[in-house]
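Notes follow once the structure below has been shown.
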Amino acid sequence: MKKSTKKFLLFLISALLLTMVPFCAFAISSDSTVGQYGMLPVYGFDIADGAYSVTVESNSALLQDVLADLTVADGKITAKLMPDNTNLTALSMQDSTHAEEESILADQDGVFTIPVQALDTVIPLSIYHEQEQTWEDCALLFRADSLPPDALLIDLPDYDLIEKALDNYEAQQTTGAQEDASPVEAVSIDMEDGEYAVSVDLTGGSGKASITTPTLMIVKDGKAYARIQWSSSNYDYMIVGTETYYSISAEDSNSVFEIPIGCWDSKMPVIADTTAMGTPHEVDYTLTFYQASIGGKGQLPQEAAKRVVVVAMIIIVGGGILNYYVKRKRKA
């Protein structure tokens, strides 16, 4: 290949990598619905040696209703996973970007054998989706309370009691916040009406939930509003001040709310109602919007993803054109 051809291809590849940087930097973290608040790891030396069937939890549709057999020997735990989904053909203990380097294939009976560091602990892994031919990050958890009573050499905390106490505490905090609530108006901002990006921090709750940052900021009539996207679809409304805002996202999509930005660089109290625990309950959070971080809409993760697609198309088309001219020159 000629030097000019190599330079052209290197330029296209560099352009693609540059557009991927913001997309990777602002990856959205998922809301893990695996396990219960306050769970402590149960290691192999906490379990009597033997073979057991246990309950498995996962946030992936491909790992629902999975049967698992554990073998405990000399303080080490090994699990045999028996998924009921034929679309699952490989998994890895690495994340999706490195999954192919250390993938684990099922045996002839469709069983995966994996090491388990501890029970009652979220195990990050990635699975290969045969239909879509992509690796997907997910989480797995083996429930220690599903073991026979005589298998455990320790006493487990009452996680249901802990969770109930946490819910009661959050409910009490929410009641106090509602009594002190006052109307919140969107702050004025000296910018043209349009869409921008702004960084936002979330605090409060149990720490499981997260929001996308930077998030979309919308300027209307000189006032600033934010489109908050949660990491799960379990939020049905938010309360800001005395106003209630309902999700504007599609069904089964991550919950999205358009709310006013009440202040800059200070914590703004909000309430979000979640149905994740079965019974709806309101949870106190705070949002902090950073005025100095305001930038173009292109900083948003979804916009970065669009640029990746566009540049990829440019590489495909450009590579085809380049290949055509190279072949013509060779023929000449």
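The values are calculated or read from the model by the stated rules, or taken from the named source; none is laboratory data. Bear in mind the structure is a predicted one, so any value in this text is a computation, not a measurement. Positions of Cβ are backbone-derived with ideal geometry, glycine not excepted, and every protein chain shown enters the neighbour counts. Ligands, DNA and RNA are excluded from the accessible area calculation, which covers all protein heavy atoms including side chains. Shrake-Rupley method; radii C 1.70, N 1.55, O 1.52, S 1.80 Å.
What whole number of Å gives the distance from the Cα centroid of region 42-102 to the Cα centroid of region 218-290? Taking the Cα centre of each part, region 218-290 and region 42-102 sit 36 Å apart. If R0 equals 51 Å, the separation of the Cβ atoms of K297 and E163 corresponds to a calculated FRET efficiency of about 0.80.
Take 40-53, 138-151 and order them by the average number of nearby Cβ atoms within 10 Å per residue, most first; the result is 138-151, 40-53. Taking label positions 7 Å along the Cα-Cβ direction at both T55 and M82, the computed distance is 1.9 nm, reported to one decimal. Highest average first, the peptides 54-62, 210-218 ordered by how many other beta carbon atoms sit within 10 Å of their residues are 210-218, 54-62.
Against the criterion of solvent-accessible heavy-atom surface with a 1.4 angstrom probe, T288, T89 sort, most first, into T89, T288.
If you plug the beta carbon distance of S146 and Y246 into 1/(1 + (r/R0)^6) with R0 = 41 Å, you get a FRET efficiency near 0.60. Highest-first packing order for the peptide set 267-276, 197-206, 92-101 is 267-276, 197-206, 92-101, based on the mean count of other beta carbon atoms within 10 Å.
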